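This report refers to the structure that appears directly beneath it.
The values are calculated or read from the model by the stated rules, or taken from the named source; none is laboratory data. Being a predicted model, the structure only gives us computed values, none of them experimental. Cβ: placed from backbone, ideal geometry, glycine included. Neighbour counts: every protein chain shown. Note: accessible area is taken over every heavy atom of the protein model, side chains too, but ligands, DNA and RNA are not part of it. Shrake-Rupley method; radii C 1.70, N 1.55, O 1.52, S 1.80 Å.
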Amino acid sequence: MATFSFPRDLVTAQVAWYDAYRRLTDPAPGGTAAARRSLQRLSVLIAAHPYWGPEGPSPAARMALREQARREARP
């Protein structure tokens, strides 16, 4: 199994993605527009992060990032 050393800003962005997704699934009385915009912005930031290089992330690397972010995400 490959081990990955992700940059802190990439992990932080993935954790923030989970937070935005959680807000989207449990919307505030004001609606979901802000959570949707945040989720979209974070998705682009994660996908286009320079860590991935020109070929983009491998499936194993994306899964490892998600697992690390889930461990760090707030319950």
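Structure summary
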{"read-out": "Cα→Cβ-extended label distance, 7 Å offset, between residue 25 and residue 73, nm", "value": "0.7 nm"}
{"read-out": "Estimated [θ] at 222 nm from DSSP helical runs (n ≥ 4, -39500 (n - 2.57)) normalised by residues in the chain, nearest 500", "value": "-20500 deg cm²/dmol"}
{"read-out": "Förster radius 35 Å - calculated FRET efficiency between residue 3 and residue 40, Cβ distance, rounded to 0.05", "value": "0.70"}
{"read-out": "Furthest towards positive pole of dipole, 15, 59, 28, structure part the chain, Cβ charges", "value": "28"}
{"read-out": "Degrees, to the nearest 10: 8-25 long Cα axis against longest axis of the chain", "value": "30 degrees"}
{"read-out": "Rounded percent of accessible protein surface that carbon and sulfur make up, the chain, 1.4 Å probe", "value": "59 percent"}
{"read-out": "Mean separation of Cα contacts under 8 Å (6+ apart) over length of the chain, as relative contact order %", "value": "48 percent"}
{"read-out": "Net charge of Cβ neighbours under 15 Å - reference residue 32; Lys, Arg +1; Asp, Glu -1", "value": "+3"}
{"read-out": "Within the chain: Cβ-based charge dipole about Cα centre, in debye rounded to nearest 20 (Lys, Arg +1; Asp, Glu -1)", "value": "200 debye"}
{"read-out": "Stretch gain in nm, segment residue 51-residue 11, where the contour uses 0.36 nm per residue and the Cα spacing is subtracted", "value": "13.3 nm"}
